[in-house]
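These notes concern the structure reproduced below.
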Amino acid sequence: MSSILNDILTWTLRTANNFREFIDAEGHTWVEQNTDKETGWAREARHGRHQIAWEFVNGSYTGRVLLDGEIMPKAVAAEKLWGYPDESALRN
């Protein structure tokens with residue numbers, strides 16, 4: 001089976017920490033959410049509610065997220081998940 005950007009479960013590459021990773025046609029690296037972290041993002045992925053990956057270019061986070069197969073800015077993804085543009089609003 002070929003790796004497809006929009007389906008994290010097809011990704012065969014792994015990071016040094018054993019997270020799934022995908023290199024897209026533009027050379028951008030996508031890394032699946034670390035489910036061991038204590039964030040809303042990690043909880044969503046850990047409980048299998050959503051597939052989440054983060055985009056990096058030259059090792060730097062771009063601000064874009066792959067959420068359930070759709071690429072979007074982090075604020076838009078947070079709004080879809082929690083109804084807030086940023087998960088920090090959940091801590092209040």
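The values are calculated or read from the model by the stated rules, or taken from the named source; none is laboratory data. Not measured: the values here are computed from a predicted model. Note that each Cβ is placed from the backbone with ideal geometry, even for glycine, and that neighbours are counted across all protein chains shown.
How about segment 30-56: which of its residues are farther than 17 Å from PHE19 by Cα and out of contact with any helix residue (DSSP H, G or I) (no Cβ under 6 Å at 6 or more places or on another chain)?
Narrowing segment 30-56 to residues farther than 17 Å from PHE19 by Cα: 40, 49.
Of everything in segment 30-56, just one residue is farther than 17 Å from PHE19 by Cα and out of contact with any helix residue (DSSP H, G or I) (no Cβ under 6 Å at 6 or more places or on another chain), namely ARG49.
Can you tell me how many residues in segment 27-64 are of a type in the set (Asp, Glu) and over 19 Å from THR12 (Cα atoms)?
Final tally of qualifying residues: 3.
Give the residue that is modelled with the lowest pLDDT, with candidates limited to residues of segment 24-52 that are within 15 Å of VAL76 (Cβ to Cβ) and among the hydrophobic types (A, V, I, L, M, F, W, C).
TRP41
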